[in-house]
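The values are calculated or read from the model by the stated rules, or taken from the named source; none is laboratory data. Nothing here was measured: the structure is a model prediction, and the numbers come from that model. Please note: Cβ atoms are built from the backbone with ideal geometry, for glycine as well, and neighbour counts cover all protein chains shown. Remember, those area values only see protein heavy atoms, side chains included, never the ligands or the DNA or RNA. Shrake-Rupley method; radii C 1.70, N 1.55, O 1.52, S 1.80 Å.
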Amino acid sequence: MNGNIHSKDQSRPAPANTVQYEVLTEQEKEKILTLQQAILELVALGHDHKEIIDDLCRLEEQLLPDSVASVMLLDEKQQHLNVFAAPSIPPEGISQLNGLRPGLGAGSCGNVIYRQEPVFVSDTFTDSRWVDLLPIAVNLGLRACWSMPIYTAGQKIIGTFALTSFEQRTPSLFHRKLLEIGASIIGIVLERNKQADFLRLAANVFENSGECIIITDAEQSILSVNKTFTEVTGYSSDEVIGTKPDMLNSSLHNAEFFQHITRTLLENNYWQGEIWNRRKNGGIYPLWLGLTAVRDEDNQICNYIGIFSDVTERKLADEALKIAAYQQLALLNNITDIAWLKDKESRFISVNEPFGEACGLTPQELIGKTDLDIWPLELATAYRKDELEVINTATGKKVEERLQKRDGKISWIETIRSPIFNEIGQVIGTTGVARDITERKLAEDQLRLLAKVFESSSDAIIITDAERNIVTVNSAYTRLTGYTVEEMAGKSLQLSSDEHVTPEFSREIWQSIDDSGHWHGEIWDQRKDGELYPKWLTVDVLHDKNDLVTHYVAAFSDISERKAAEEKIRYLAQHDILTGLPNRALFTSELIQSIANAKHHQQRLALFFIDLDHFKNINDSLGHHYGDLLLQAIAERLKSRIKGTDSICRQGGDEFILILQDINTPDEVAHIAERLIAVLASPVQLNSHEIAISASIGIALYPEDGDNEETLVKNADAAMYHAKQSGRDQYRFFVKALNDTVHERLTIENGLRKALERNEFELYYQPQLNLTSGAMIGAEALIRWHHPELGMIPPARFIPIAEDSGLIIPIGDWVLKEACRQAAAWHQAGMTELMMAVNLSAVQFRRGNVEKSIYDALSESGLDPVFLELELTESILIQDTEKVLATVQRLKTLGVKLSIDDFGTGYSSLSYLKRFNVDKLKIDQSFIRNMVDTPSDAAIVHAIIQMANSLNLKTIAEGVEDQNMLAPLRLHRCDEAQGYYFARPMPARELVRYAADKSPKG
């Protein structure tokens, strides 16, 4: 039922595999002949086409016992089949078949349309072509169905003819011939009925047409005329049929006129025009005639058809209009507005000069044209609609409409259209006058726009008369002030009701307005509820053409939000967003003012530079959110401990600066610093976390340590660094010697920034030996810096600065790559089992991408990861444990070895040794150096080695400086050692010689 009936061409020729008569028996031929004669007799007797088809179905049913015949036709949309004839099928069966959509499962008839070929189904219960109609077949007992397409004369399939049996059977040649003949006869009957309908319609149109119609043969003898012809001419059809139409000749046209008509018909088969004819009573009348020459298949003229109408009334109307046009032409030309006359068909009869100028044509060029010839379609259609309304209602109409000129410009016109009547009161045309109202429309549009702007403006607007009495206010004024237009109308304009606006100031404003015609500025006012607010006010004076004052217009906006925003911006520009404390810019200004005051009053002041100790650990372990909360808490504590004359700011990060004014002695300053350190050291409770923090304070005094703000801040900063280097959680006063330290630190930091690109770094290597065999099993890479000015700088001097500044990250990357490169080179030179130990900084783990750095170093050098040993401090493993653990586990997967440096000095824990899968413990040199003389250190060394052995970890002792240290290490079974006793750190080339020349000691 879901087939697409358009999938095949429905106009193809009928199938050629029809049943030939020769194959039928004589008896079958006789039955077919009888059928044909019976149907032809019905046709000859003029029976209705539906009656003929019903009888055909019954006759076919007689020739196929126990069957029913049916005809189904496609609907207008060619989408569905409906039963046209089925005299033996009950109505309920017909209703089930109607609306059948052709398709693969739509039965025999549905498949005929879908497949465009005859369909013969012998068993409807089992054939897939009946799957959609199986319930109908079962319900009606239909067991077999044979269906044939019905064609039109143009060989287009329009329906089906079917014989449906109540028995399961296959059609014989005789049955198929019956179907072919039946379908053919039905197609002929339907086509003949269609032609008959058309002829009846044509005859009805011919007879009832309002136009006169005359039909002649090729020799122009009249064959037929219609009723209108007899009414107009006075001749009956009997009087004119068989004659030529000479009796209609008015004798007003010469032979050349008729010869022209004949030539045109021969050339074009058509002619039309106005001609004068004579009625039977002798009256002459004008008509509009159209002549058509009809040709046969051989292209010979076989008939002429003439259609004409009496145009007497139109001619009279035209004449009346012409007379009116002549009479009014002089009047039209004296009118400055656009004016015109039209007939009922909207053709211009007369126009004046202004009309022509508007169109870009002369009045003579416009005669006979319509609006469609002049204006765009949209305008012309609108004009014609208005004119028809005037003609049909016989009343005038006034409209305002747009006019597009030839140059494309749009103007507005006011048009008055009126009907023109003849002497008997009939409308025969229209007249119109139009004046240009473009300026008025623009003024009205401008007024509407101004009114809309006035009312929808977000600014309050007041309009007064020349005496400054309020005429009106807009809704924004009411919204901003609370006063309605009714409350304000007629009152004198007051620029402000605030008592702070003095009468003198008001007089100055009005004087400025009178002098310049304008004033604007900021002013305070009071709302109806008494609230004060700032507003930005503009006042303008309006003058007439004589320069006399007509109105005053005052407009203002509430700038409360803007003022608040400006204040907020000013505050944000001068304060730290996180803590609300003054920022560096505001503090610098306050410090300069404090120095000036101290100098003026010959007083002293103190500058505290406060830096929180280990603040980065808070951010790294708990996150920046808790770091921010801690800074806010510290800021509140500092604010609560200063006097009203003192100042505090957040310098940036975890740094704060205090100005303490009117200081008497350094002791007084020291006491304050001690109290601040104690206050800051008190634990801070942040949600579920209790955080302990300390601070280092640097102090600079005025005027001893500097007489300007820059010097004081710099010296206090230097003192703060001194406090940190002294152990943190304390304060230090500035002394001159600190400047040297600060200068050296700055020199080193600046030098570090360029050291890599200048190739100033070099790696030294300290051998590591197996204590049992005495063989060198590895080397530790130690960085050295050849400073161009300071010479060789040891790591202890520049590594802390590199870590503080973050430069340790690129330096550490370089160390990794260089160490791996050197190890790979040694392996290629034959030192194949040599391990390379590299120290990693905690900063590299926190701020760098240490994992990528190691991957890159191994990849670029080609070193097998099993020969790389990373030395980590215990502090790295206990900070952000999960992240570090994941990184270490991935590195261990590569084969990299893991060693804990300085073991025993930090948070030694068996749990992280197990979790991090550590390979080796490096016993801190502080224990090694003292273990011979200090039993406690010896016990610690013994315990570390014993624990490592229990955990299957290797141990290495660093800082072995003499032979006395070897015995206890070997006794406790320490695996490896390094130190000055064996060799100092050395360049790569010397290590090669050391490895080749050394002999085991001990």
- Item | Proximal lysines relative to Lys897, as straight alpha-carbon distance under 24 Å, when same-chain residues fewer than 8 apart are discounted | Lys817, Lys852, Lys883, Lys914, Lys920, Lys922, Lys954
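Could you tell me whether the range 749-998 comes out rounded, prolate or oblate from its Cα gyration tensor? Rule is a ≥ b ≥ c as square roots of the eigenvalues, rounded for a/c under 1.5, then prolate if a/b exceeds b/c, otherwise oblate. Mind showing how you got there, number by number?
Details: a/c = 1.42, a/b = 1.22, b/c = 1.16.
Rounded shape, in that the Cα axes give a/c under 1.5.
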- Message: Can you give me the long-range amide H partners of Ile428? Hydrogens built in the peptide plane at 1.01 Å from N, cutoff under 5 Å, separation of 5 or more residues or another chain.
- Response: Ile420, Phe421, Asn422
- Query: Distance in nm between label sites at Asn392 and Ala692, each 7 Å beyond Cα in the beta-carbon direction?
  - Reply: 10.2 nm
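Suppose all protein chains stay in the model; what accessible area per residue would a 1.4 Å probe give for the range 26-201, in Å²? Mind showing how you got there, number by number?
Details: 7970 Å² over 176 residues.
Each residue of the range 26-201 exposes 45 Å² on average to a 1.4 Å probe.
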- Item | Spin-label pair Ser773/Asn269, simplified geometry with 7 Å Cα→Cβ offset, distance in nm | 11.8 nm
- Quick one: helix 438-456 against the long Cα principal axis of the chain, what's the angle to the nearest 10°, folded into 0 to 90? 40 degrees
- Item | For the range 598-702: rounded, prolate or oblate by the Cα gyration tensor [a/c cutoff 1.5] | prolate
- For Lys528, go through the lysines and keep the ones whose alpha-carbon is under 29 Å away, minus same-chain ones fewer than eight residues off. Lys452, Lys491, Lys563, Lys568
- Query: Angle between the Cα long axis of helix 881-894 and the longest principal axis of the chain, 0 to 90 degrees, nearest 10?
  - Reply: 90 degrees
- Item | Inter-label distance for Tyr571 and Asn208, nm, one decimal - labels placed 7 Å from Cα along Cα-to-Cβ | 9.1 nm
- Given backbone amide H placed at 1.01 Å from N, residues whose amide H is under 5 Å from that of Gly159, ignoring those fewer than 5 places away on the same chain, are Leu74, Ile150
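Rank Ser456, Ser512 by accessible area, highest first, at a 1.4 Å probe radius? Please list the in-between numbers first.
Numbers: Ser456 85, Ser512 40 Å².
Largest accessible area first, the list is Ser456, Ser512.
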- Task: Take the alpha carbon atoms of the range 212-265, find their center, do the same for the range 482-523, and report the distance between the two centers in whole angstrom.
- Result: 95 Å
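For Ala380 and Trp276, FRET efficiency with R0 = 35 Å and r from the beta-carbon atoms, rounded to 0.05?
That pair, Trp276 with Ala380, gives E of 0.55.
With a 1.4 Å probe and all protein chains left in place, how much of the accessible area of the range 209-314 comes from carbon and sulfur atoms, in whole percent? All intermediate terms of the calculation are to be shown ahead of the outcome.
Details: 2870 of 5940 Å².
Carbon and sulfur: 48 percent of the exposed surface of the range 209-314.
Taking all pairs of distinct Cα atoms, average 1/r, flip it, and tell me the Kirkwood hydrodynamic radius of the range 335-441 in Å to one decimal place.
13.9 Å
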- Message: Please report the spacing between the Cα centers of the range 341-389 and the range 588-645 in Å, no decimals.
- Response: 89 Å
- Taking the Cα centre of the range 749-998 as origin, work out the dipole magnitude from +1 charges on Lys and Arg Cβ and -1 charges on Asp and Glu Cβ, in debye rounded to 20. 380 debye
- Task: Please give the solvent-accessible surface of Asp48 in Å², to the nearest 10, using a probe radius of 1.4 Å with every protein chain present.
- Result: 80 Å²
- Message: If R₀ is 22 angstrom, what is the calculated FRET efficiency for the pair Val549 and Ser512, using the beta carbon separation as r and rounding to 0.05?
- Response: 0.90
- Query: At a probe radius of 1.4 Å, what is the per-residue accessible area of Ser841, in Å² to the nearest 10?
  - Reply: 10 Å²
- So what is the accessible area of the range 335-441 per residue, in Å², with the probe set to 1.4 Å? 52 Å²
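How large is the dipole of the range 26-201 about the Cα centre if only Lys and Arg carry +1 and Asp and Glu carry -1, each at its Cβ, rounded to the nearest 20 debye? Spell out each step's value before the answer.
Working: 16 positive and 22 negative charges, 93 e Å.
Value, rounded to 20: 440 debye.
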- Message: Could you compute how much accessible surface Asp975 exposes when probed at 1.4 Å, giving the result in Å² to the nearest 10?
- Response: 50 Å²
- FRET efficiency, Asn617 to Val541 (Cβ-Cβ, R0 56 Å, nearest 0.05): 0.20
- How much length, in nm to one decimal, is gained on full extension between Ala796 and Gln446, taken as 0.36 nm per residue of separation minus their Cα-Cα distance? 117.7 nm
- About the Cα centre, charge dipole magnitude for the chain (Lys/Arg +1, Asp/Glu -1 at Cβ), debye: 2220 debye
- Query: Under 17 Å from the 7 Å Cα→Cβ point of Lys914, by amide nitrogen: which residues of the range 936-969?
  - Reply: 947-953
- Query: Tell me, what HN-Hα J-couplings in whole Hz come from the Karplus equation 6.51 cos²θ - 1.76 cosθ + 1.60 at θ = phi - 60° for each residue of the range 815-830, using x for Gly and Pro?
  - Reply: 4, 4, 5, 5, 5, 5, 4, 5, 4, 5, 5, 4, 4, 5, 7, x
- Query: What is the chain by shape, rounded, prolate or oblate, if you read a ≥ b ≥ c off the alpha carbon gyration tensor as root eigenvalues and call it rounded for a/c under 1.5, prolate for a/b larger than b/c, and oblate otherwise?
  - Reply: oblate
- Task: Measure off, as a whole percent, the carbon and sulfur share of the 1.4 Å-probe accessible area of the range 749-998, all protein chains present.
- Result: 49 percent
- Net length gained if the chain between Thr126 and Ile284 were fully extended (0.36 nm per residue, minus Cα distance): 48.8 nm
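For the range 341-488, what % of the accessible area comes from carbon and sulfur atoms, probe 1.4 Å? Write down the numbers at each step before the final one.
Details: 4370 of 8020 Å².
The value for the range 341-488 is 54 percent carbon and sulfur by accessible area.
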- Task: Would you grab the residues whose amide H sits under 5 Å from the one on Tyr235? Only those 5+ places off in sequence or on another chain, please, with H modelled 1.01 Å from N.
- Result: Lys280
- Query: Ordered by residue, what ³J(HN,Hα) values in Hz, to whole numbers, does the range 264-280 give under the Karplus form 6.51 cos²θ - 1.76 cosθ + 1.60, where θ = phi - 60° and Gly and Pro are x?
  - Reply: 5, 5, 5, 7, 10, 6, 7, 8, 9, x, 8, 8, 9, 10, 10, 7, 4
- Given DSSP loops and a limit of at most 14 other Cβ atoms within 10 Å, what is the longest stretch of the chain that contains no such GluC sites (Glu not before Pro)? 532-703
- Over the range 231-297, give the accessible area per residue in Å² for a 1.4 Å probe, as an integer. 61 Å²
- Message: Pairs on different chains or at least eight residues apart, Cα atoms closer than 27 Å: how many lysine pairs in the range 26-201 fit?
- Response: 13
- Note on the structure: In whole Hz, the Karplus estimates of ³J(HN,Hα) for the range 601-610 (6.51, -1.76, 1.60; θ = phi - 60°; x where Gly or Pro) are 9, 6, 10, 9, 9, 10, 10, 9, 9, 10
- Task: Give the cross-link partners of Lys545 among the lysines, using a straight C-alpha distance below 23 Å as the criterion and excluding same-chain residues fewer than 8 apart.
- Result: Lys441
